[in-house]
Amino acid sequence: MKILYGVQGTGNGHISRARAMAKALAEIPSVDVQFLFSGRPESEYFDMAVFGDYMVRRGFTFYSYAGKIDRVKTVLNNNIWHVTQEVKALDACQYDLVISDFEPITAYAAKRQGVPSLSISHQSAFKYDVPKQGQNMLDKVIMRYFAPTQHSIGLHWYHFNQSVLPPIIDLAPIASVSSNGAILVYLPFERLEEILSVLQPINIPFICFHPDCQQVTRAKNVSIRPLSKAAFQDALMACEGVIANGGFELPSEALSLGKKLLLKPLAGQFEQLSNVATLDMLGLANTMETLNVDVIKQWLSCSECQRVSYPDVAKALAQWLAKRDMSSLPLLHQELWSQVVFPEHVNELLSDFWPNHQRKHAMFNMRLSVISNKKAKQH
């Protein structure tokens with residue numbers, strides 16, 4: 001079975017998820033995978049050996065500045081004609097299946113050439129009745145048309161009685177997890193100078209990975225490091241907690257390791273707003289609307305670690321793909337969610353909602369709105 005696997009390269013979370021899938025698929029002799037990445041310059045990819053002889057295309061990318069989506073720059077720096085030519089030039093017919101993790105070149109090439117296609121991504125979860133925050137009509141259009149496929153598998157922290165699967169995590173041995181008292185900081189959409197100005201007054205060690213850093217350096221209590229998968233994984237395993245934006249993959253990894261979370265969503269990005277509001281609602285993370293010294297200090301002194309035990313979704317998905325039986329997806333859904341173990345308070349919260357699914361969702365989304373409105377008034 002030959003698979004063309006497209007990965008959105010704008011965020012490192014998509015690539016981290018793809019690494020887990022690459023390792024799992026490599027264990028199946030009957031499967032041959034060709035990876036394609038788009039969304040950033042080829043020179044900016046790192047630690048990519050697991051993907052073998054991967055392909056790179058320009059595709060679409062998103063731009064941000066100082067913690068906000070820069071819509072003007074995003075529009076001006078994306079070329080639809082060029083993307084169309086990349087789609088036309090990609091030969092998808094040589095593959096039995098095209099998988100897209102929110103990657104448009106492979107998705108549209110498969111659609112154009114009539115090749116079976118499947119989306120495996122967190123973005124696909126928003127096609128279902130899951131909690132959403134701040135979604136407008138443009139967001140709905142992007143989610144529907146950015147990387148369309150015949151079938152889709154959404155990934156989320158909870159199933160919400162929908163056909164979504166648990167997160168794909170590049171799982172590390174739990175035995176190697178420790179706590180050295182340091183806080184891992186990954187805020188790639190924020191200005192490094194602003195991050196340092198907020199962290200330096202707090203008298204504890206921070207380890208900050210940032211795309212603007214070219215070599216390891218130190219600014220008082222903050223160790224600043226360039227992006228590196230291995231170094232980042234080591235820091236994550238050993239840290240006390242994580243301060244991050246509102247992506248999906250890093251919070252998933254942190255939850256699976258029992259690291260406490262403080263999240264600051266990228267302003268204007270409904271996916272991140274929804275992620276942060278959902279984890280806040282479930283009591284699995286603390287949040288802040290802006291980088292704030294007082295909020296960080298309060299989180300450090302009051303918050304507790306929350307661990308969610310997720311199964312090896314990548315391995316199960318790889319084996320399911322090899323069987324080539326789409327009708328068995330409900331069985332895979334049931335099998336994987338039966339293995340998830342949540343903190344007791346999460347079980348209690350959700351058990352109050354589940355007797356009536358429609359009522360539950362109305363209440364859940366209402367509580368998300370209340371949280372959002374309260375924070376808006378505070379700022």
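The values are calculated or read from the model by the stated rules, or taken from the named source; none is laboratory data. As the structure is a prediction and not an experimental result, all values here were calculated from the model. Neighbour counts are summed over all protein chains in view; Cβ atoms, including those assigned to glycine, are modelled from backbone coordinates with ideal geometry. The protein model used for the area step is the full one, side chains on, heavy atoms only, and it has no ligands, DNA or RNA in it. Shrake-Rupley method; radii C 1.70, N 1.55, O 1.52, S 1.80 Å.
Could you tell me whether any residue of region 110-117 is within 23 Å of Leu279 (Cα to Cα), surrounded by 19 or more Cβ atoms within 10 Å (Cβ to Cβ), among the aliphatic types (A, V, I, L, M) and in contact (Cβ under 8 Å) with a residue 40 or more places away in the chain? No, region 110-117 contains no residue that is within 23 Å of Leu279 (Cα to Cα), surrounded by 19 or more Cβ atoms within 10 Å (Cβ to Cβ), among the aliphatic types (A, V, I, L, M) and in contact (Cβ under 8 Å) with a residue 40 or more places away in the chain.
With the structure loaded, tell me whether Ala89 is within 16 Å of the chain's Cα centre (by Cα) and more than 19 Å from Arg19 (Cα to Cα) or whether it fails that test.
Judged against the criteria, Ala89 is not a match.
Give region 119-135 a look and list any residue that's assigned to a strand (DSSP E or B) and either in contact (Cβ under 8 Å) with a residue 60 or more places away in the chain or among the aromatic types (Phe, Trp, Tyr) (or both), or say none. The answer is Ile120, Ser121.
For region 300-332, name all the residues that are in contact with a strand residue (DSSP E or B) (Cβ under 9 Å, 6 or more places away or on another chain) and without any contact (Cβ under 8 Å) to a residue 40 or more places away in the chain. Answer for region 300-332, where residues must be in contact with a strand residue (DSSP E or B) (Cβ under 9 Å, 6 or more places away or on another chain) and without any contact (Cβ under 8 Å) to a residue 40 or more places away in the chain: Cys302, Ala316.
Val216 meets all of the listed conditions (1) aliphatic (A, V, I, L, M); (2) within 22 Å of the chain's Cα centre (by Cα); (3) over 25 Å from Thr290 (Cα atoms) but one, namely (2).
If the condition is being farther than 30 Å from Thr84 by Cα and assigned to a loop (DSSP other than H, G, I, E, B), then region 136-167 contributes His156, Trp157, Tyr158, His159, Phe160, Asn161, Gln162, Ser163, Pro166, Pro167. A Cβ distance below 8 Å, combined with a sequence gap of six or more or placement on separate chains, defines the contacts here; from region 76-89, residues that are among the basic types (Lys, Arg) reach residues that are open to solvent by 70 Å² or more (accessible area, probe 1.4 Å) in the pairs Lys88/Arg112. Leu321 meets all of the listed conditions (1) touching a Ser or Thr at 6+ places or on another chain (Cβ under 8 Å); (2) surrounded by 17 or more Cβ atoms within 10 Å (Cβ to Cβ); (3) among the hydrophobic types (A, V, I, L, M, F, W, C) but one, namely (1). Note on region 34-55: among residues that are without any contact (Cβ under 8 Å) to a residue 40 or more places away in the chain, outside any loop (DSSP other than H, G, I, E, B) and open to solvent by less than 40 Å² (accessible area, probe 1.4 Å), the one that is farthest from Ile80 (Cα to Cα) is Phe51. Could you list, in sequence order, all residues of region 190-238 that are touching a helix residue (DSSP H, G or I) at 6+ places or on another chain (Cβ under 8 Å), part of a helix (DSSP H, G or I) and buried (at least 18 other Cβ atoms within 10 Å of the Cβ)? The answer is Val198, Leu199, Leu236, Met237. Looking at (1) open to solvent by less than 30 Å² (accessible area, probe 1.4 Å); (2) under 28 Å from Ala230 (Cα atoms), which is the only condition Val177 fails? Checking Val177 against (1) open to solvent by less than 30 Å² (accessible area, probe 1.4 Å); (2) under 28 Å from Ala230 (Cα atoms), the one that fails is (1). Any residue at all in region 239-246 that is closer than 18 Å to Phe342 by Cα, open to solvent by less than 30 Å² (accessible area, probe 1.4 Å) and under 17 Å from the mean Cα position of the chain (by Cα)? No - not one qualifying residue is present in region 239-246. Residues that are open to solvent by 10 Å² or more (accessible area, probe 1.4 Å), part of a helix (DSSP H, G or I) and either of a type in the set (D, E, K, R) or within 16 Å of Val87 (Cβ to Cβ) (or both) within region 1-21 comprise just one, Arg19.
No other residue among Val164, Val185 is open to solvent by less than 10 Å² (accessible area, probe 1.4 Å) and farther than 29 Å from Ile207 by Cα apart from Val164. The selection criterion, being hydroxyl-bearing (Ser, Thr, Tyr) and crowded, with 19+ Cβ neighbours inside 10 Å, holds for Thr106. The set of residues from region 271-284 being open to solvent by less than 10 Å² (accessible area, probe 1.4 Å) and either outside any loop (DSSP other than H, G, I, E, B) or without any contact (Cβ under 8 Å) to a residue 40 or more places away in the chain (or both) comprises Ser274, Asn275, Val276, Thr278, Leu279. Within region 228-239, residues that are farther than 18 Å from Ala49 by Cα sit with their Cβ atoms under 7 Å from residues that are open to solvent by 10 Å² or more (accessible area, probe 1.4 Å) and part of a helix (DSSP H, G or I), at 6+ positions apart or across chains, in these pairs: Leu236/Glu253; Leu236/Leu257; Met237/Ser176; Met237/Leu257.
Listed by first and then second residue, the pairs linking a residue in region 138-161 that is of a type outside the set (Asp, Glu) to a residue that is part of a loop (DSSP other than H, G, I, E, B) and open to solvent by 30 Å² or more (accessible area, probe 1.4 Å), with Cβ atoms under 6 Å apart and 6 or more places separating them unless they lie on different chains, are Gly154/Tyr128. Among what's in region 62-98 and is of a type in the set (Lys, Arg) and in a helix (DSSP H, G or I), pick the residue that is modelled with the highest pLDDT. Only one residue fits best here, namely Lys88.
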